[in-house]
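To start, the structure under review is shown below, and the notes come after it.
The values are calculated or read from the model by the stated rules, or taken from the named source; none is laboratory data. Because the structure is predicted, anything quoted here is derived from the model rather than measured. Every residue, glycine among them, receives a Cβ derived from its backbone with ideal geometry; neighbour counts consider all protein chains shown. Accessible surface is based on the protein model in full, side chains and every heavy atom, while ligands, DNA and RNA are left aside. Shrake-Rupley method; radii C 1.70, N 1.55, O 1.52, S 1.80 Å.
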Amino acid sequence: MVRICRSATAAGILLLFLYTPNLAAENSLSIEIENLAGVFQGEDSVAGVSGGSEAELSFRSEANRDVKAQVSLTADVTNAREETTEFDVYRAFIRARLPWFRLTMGKTRLSWGEGFMFNAGDVLFDSLSTSVDLTGEEIRTNGTWLASVYCPLGRFSFAETVLLTPEENPEDYPSGGGRLVLRPGGIKTEAGYIYAGDAGEHRPYVSFQGGGLINWHLSAASAIEPVAGAEKQLDERLRLSFGLFQLFRVGYSSTLNLRLEVLLRPRGSWRAGEDPREYGLYLYPEISLTPDGRRNFFYRAVVSPVDISALHVVGSSWNIYQGFTLLAYTGIASGEKGDLFSLQNGRDADSPPAWFISAGCTFVF
């Protein structure tokens, strides 16, 4: 019922803007449609053929630089063995800049910590899972309903507090906390804490980001449940993420992006065959080549050194006309049976296919 009310509210706001001429003239409307078709490994290692469409309708305010708002509705249609359609309120928020602080309310995403694939400092959304879609421009985009207050403290320094509604059960305690970001010596230093009401645990974290010869970041976080012996949990549930990133110019107009991220759980599983989603070490390498402003080629992988397995994804995009882009992706797992990634593993509903080939197009208008 809560989700239905939120969806109806966001849709009502959007319709109000669309049918009010004076307001619509000061805002922008965009629609993005992505269609993909391909083959993949389905259940019981049987190849399957599927097609799918994703559409996003976004309405953004642009007239007032002190107040920004956005409503984005998405529809995801998948045609595999049977067609399924999912609708969602992707974003629905208002951000207002007041004399002493900035207020954000609605469904959106806040970026705490540092990291593209692995981010131990993201105590709001727990960006540690290896079950992600490696074909997207952004790997982790999920948001939630929240309210935050952002207070600038000087150049590149600020404090922020946040309150989040429960994800599933409205009767759960809400989540809330804050962070402080400073830049001593040119190094972005971030420290914060959140109480996760749905899990009933405290999550402190620290994060650092700097540059020089190469861009780097480091985040560390833990979680504590208020039970006897809680002090031991800081060590047992410690997680670290580290990353290197560098952009190189190749020739006249080409750019080469190199990225490597590491997720480390010191007290995780270090023996192959145990819980593969709780291994102590994962790697994320990425290479991206952009020959010009229209074409892009990339290689991404999630590597599990504990059982020596990996999921490799190669993709490309070609923007032929303004707003119209051709897409092509292929992926394959490498590893033995029982490893985190393997061609022989049985596929469950939450696992990516062991191999896939897909092609399609996207259009923004």
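Some points to look at:
- Considering region 33-50, the residues that are part of a strand (DSSP E or B), open to solvent by less than 80 Å² (accessible area, probe 1.4 Å) and at pLDDT below 85 include one that is nearest to VAL89 (Cα to Cα), namely SER50.
- The strands (runs of 3 or more DSSP E) falling completely within region 203-300 that include 3 or more residues that are open to solvent by less than 60 Å² (accessible area, probe 1.4 Å) and under 24 Å from HIS312 (Cβ atoms) map to 239-250, 254-264, 281-290.
- Some residue of region 247-264 being closer than 19 Å to GLY136 by Cβ, at pLDDT 90 or above and hydroxyl-bearing (Ser, Thr, Tyr): no
- Residue in region 305-326 that is hydrophobic (A, V, I, L, M, F, W, C), on the phi > 0 side of the Ramachandran plot, in contact (Cβ under 8 Å) with a residue 12 or more places away in the chain and part of a loop (DSSP other than H, G, I, E, B) present: yes
- Looking only at region 127-138, residues that are open to solvent by 20 Å² or more (accessible area, probe 1.4 Å) and within 18 Å of LEU340 (Cβ to Cβ) come to 4 in all.
- Residues of region 152-174 that are free of Cβ contacts under 8 Å to residues at least 40 places away in the same chain and open to solvent by less than 70 Å² (accessible area, probe 1.4 Å): GLY154, SER157, PHE158, ALA159, THR165, PRO166, ASN169, ASP172, PRO174.
- Total residues in region 67-108, condition of a type in the set (D, E, K, R), touching a Leu at 6+ places or on another chain (Cβ under 9 Å) and open to solvent by 50 Å² or more (accessible area, probe 1.4 Å): 3
- Yes/no for SER30 being within 20 Å of ASP88 (Cα to Cα), modelled with pLDDT of 50 or more and within 21 Å of the chain's Cα centre (by Cα): no
- Considering region 182-202, and only residues there that are touching an Asp or Glu at 6+ places or on another chain (Cβ under 7 Å) and more than 16 Å from ALA120 (Cβ to Cβ), the residue that is surrounded by the fewest Cβ atoms within 10 Å (Cβ to Cβ) turns out to be GLY200.
- Of the residues making up region 175-203, those that are touching a residue at least 60 places away in the same chain (Cβ under 8 Å), under 21 Å from ARG95 (Cα atoms) and touching a Lys or Arg at 6+ places or on another chain (Cβ under 9 Å) number 0.
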